[in-house]
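What follows is calculated from the coordinates using simple rules that are stated; it is not laboratory data. Note that the coordinates shown come from a computational prediction; the quantities given were computed from them, not determined experimentally. Because the Cβ atoms are built from the backbone with ideal geometry, glycine has one as well, and the counts that use them run over all protein chains shown.
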Amino acid sequence: MFLAIVPAYNEEKRIGSVVQSLFEHVDKVLVVDDCSEDNTFEESKKAGAVVLHHKINCGQGAALETGHEYARRNKAEYVLHFDGDGQFDTNDIIPALQKIKEKKADVLLGSRFLDNRSKIPWFKKYILLPVAQQVGRVFGGLKLTDAHNGFRILNINALKKIRITQDRMAHASQIPELIQKYNLNYVEFPVKVTYHEYGQCTVGGLRIMRDLIIGKFIK
Amino acid sequence: MLAIFQILLVLFCIFAIVGVLKRKEDNLLGPKGALFWIFFWVAVAIVVVWPNIVQRLADYIGIGRGVDLVTYLSISAIFYLLFKLHVKMESLKRDFTKVIRQDSLDQLKKK
């Protein structure tokens, strides 16, 4: 089974169309509603997704790990991480799945910089992302062309090993760190990202660093 | 002869040590924590009774005044405790997340 995991928080406007468009490319769609205050839960159900509901807002990393746990219990062979705000292009999914299979990789990581389809705000492109890349290298050690790209595919082997404990946005740095730790094979793949909102701001970046540092002291 | 404030502070330290022992008895404090806090309050009492000790220690380390040494040590201790508290809070949040996760999966099973 190829399962799409969509963490969602207050995405009632876009989640329905995201779920519907995913069904053309994956076997099953799981939306993890992270205690949204709007109708994300109902809209996801209406669109045909399996929906898990967090009773308290825990963060994107926590929602993804909830999806992982569901995938492990339901013996998914591949899982796709896909954002609920419609910023990714579903046309990238099948070629990405083909790529991970062809390369016999455990993890596929999306990258905005392997082609020029994504229009990235300049501050993000030239200031925030290079800093995030360096931080990622310090904590994770992987030399990636992109940082904090939410488009990923994990196979069953990676799913068994990668357990996300960073509940908020720092999971995006933790995943490369775990890939390195467990010596998993990974491949990068060009994906298109359309920006609806700005995404991580500088303060968000500092929070991620704080979470990564604090995380080192938790057993 | 001890000044009134010294007597009061020593009494306070004794109360604090009794409090630590009580918490240890009620299993609210582990052996390491209890030892640390007893050591801490005994040290405070010693400094209150013989303040020159701090001055001598400050001279030995190269800090001008005894009170400065106490200030530096106190600030360092507060920062350390704040950091530990932060780590503990984060660890609790993660435990919390596990409960929320389990609940969400259980809810799906029930349906």
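What to note about this one:
- The gain in end-to-end length when the residue B:43 to residue B:88 segment is fully stretched comes to 13.5 nm, 0.36 nm per residue minus the alpha carbon separation.
- 20 Å reach of a label modelled at residue B:22, 7 Å along Cα-to-Cβ, counting backbone N of segment B:36-54: B:36-42, B:45
- Cut-off 19 Å (backbone N to label point 7 Å along Cα→Cβ of residue A:91), residues of segment A:154-194: A:189-194
- Segment B:4-84: proportion of alpha-carbon pairs further apart than 18 angstrom, %: 54
- A simple spin-label model places pseudo-atoms 7 Å from Cα toward Cβ; at residue A:143 and residue B:108 they are separated by 3.9 nm.
- Two-decimal Rg to Rh for segment A:126-219 - Kirkwood Rh, Cα set: 0.94
- Mean projection area, nm², convex hull over Cα of chain A: 11.1
- Chain A, relative contact order [Cα under 8 Å, separation at least 6], %: 24
- Per-residue [θ]222 nm for the protein assembly as shown (sum of -39500 (n - 2.57) over DSSP H runs n ≥ 4, rounded to 500): -17500 deg cm²/dmol
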